[in-house]
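Student: Structure provided below as structure tokens; questions to follow.
Computed from the coordinates by the stated procedures, all read-outs in this text should not be read as laboratory data. Fair warning: this is a prediction, and the values are worked out from it, not measured in the lab. Here Cβ is always computed from backbone atoms with ideal geometry, including for glycine, and neighbour counts include all displayed protein chains.
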Amino acid sequence: MVRSVMYFAVIGIFLFSLGCGKSDQQKKMEQAAEQMQKAAQKMADAGKDMGDKIGEGAGDMADAMKKMGEALTSGEKVEPVNFRDLKRLLPKKLAGMKRTNASGEKNSAFGIKVSQAEADYDAGHDGTIHVEITDMGTIKGIARMAKFGWAVADVDRESDTGYERTMTYHGHKGYEEYRTDSKEGKIQLLVADRFSVKVSGSNVEMKTIKKALDKLDIGKLERMKNVGVKS
């Protein structure tokens, strides 16, 4: 674990050291990454002689992770939409396909809070559709850009086996990808700069994935954008 933390801390420092103009969020993440690296080294050194420093190192690590969480969230306080409410956006039938499974959960660590609901649908002929709706809540800025790089870029690639491209769906930036050889694809949207909607399919045509997306109530999800936002 210590080695893993040190590795990611070093990578974090390297990435955020590139370029001259750093945002406040970048600076905070860099400082937290440096602190995590030092704490991890202290824990590693203490582990060699089992001295009292291992407890001190663990405390430093917890503090560093808390600061990293604050940097990732830009200090914003948002309580994610209850995953049960997100789950209600996943109907028992979607574009004529029967829902075979549905679940949801909420996760929280170091100030980062996320809720998610997902469901599987039987598309017939061994085909399946999977839908995920995620409230990213407190994840902001650079962290969100890392997860949704396509949201700030234009992509348009095509080959004999498939394609990928960015697009706009009812005003929401999105990304779609499809492989004709395996008949697998997905469409992902960023809604209200807070929610992620992903519809993926296996052994189906892209038109089936798009039909499923069309039947989701994206408007209702968008109207939840201020739920849990604390001033």
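Student: Could you run the Karplus curve 6.51 cos²θ - 1.76 cosθ + 1.60 with θ = phi - 60° over the range 184-192 and give me ³J(HN,Hα) per residue in whole Hz, x for Gly and Pro?
Tutor: 10, x, 7, 10, 10, 10, 10, 9, 6
Student: Next question, about the same structure. Run the quick spin-label model on Ser103 and Ser202: label points 7 Å from Cα toward the beta carbon, then report their separation in nm to one decimal.
Tutor: So the two model labels end up 1.4 nm from each other.
Student: Arg157 versus Asp217, label points 7 Å from Cα toward the beta carbon: distance in nm?
Tutor: 3.7
Student: What's the FRET efficiency of Lys225 with Met167 using the Cβ-Cβ distance as r and R₀ = 22 Å, to the nearest 0.05?
Tutor: Values: r = 21 Å, r/R0 = 0.95.
Calculated value: 0.55.
Student: Let me ask another. With θ set to phi - 60°, apply the Karplus curve 6.51 cos²θ - 1.76 cosθ + 1.60 along the range 100-108 and write out the HN-Hα couplings as whole Hz, x wherever there is a Gly or Pro.
Tutor: 9, 6, 8, 8, x, 6, 10, 10, 9
Student: Same structure, new question: What list of ³J(HN,Hα) values in whole Hz, one per residue of the range 202-219 in order, does the Karplus curve 6.51 cos²θ - 1.76 cosθ + 1.60 (θ = phi - 60°) give from phi, with Gly and Pro shown as x?
Tutor: So the J values, rounded to whole Hz, are 10, 6, 9, 7, 4, 4, 5, 5, 5, 5, 4, 4, 4, 8, 7, 8, 5, x.
Student: Express in % the proportion of alpha carbon pairs of the range 83-222 at distances exceeding 23 Å. All intermediate terms of the calculation are to be shown ahead of the outcome.
Tutor: Details: 3457 of 9730 pairs.
Here the tail beyond 23 Å accounts for 36 percent of pairs.
Student: Further, regarding this structure: Treat each spin label as a single point 7 Å out from the Cα along the C-beta direction, and report the Asp193 to Asp181 distance in nm.
Tutor: Reported label-point gap for Asp193 and Asp181 is 4.0 nm.
Student: Once amide H atoms are placed 1.01 Å from N in the peptide plane, what residues at a sequence separation of 5 or more from Tyr169, or on another chain, have their amide H within under 5 Å of its amide H?
Tutor: The answer is Gly174.
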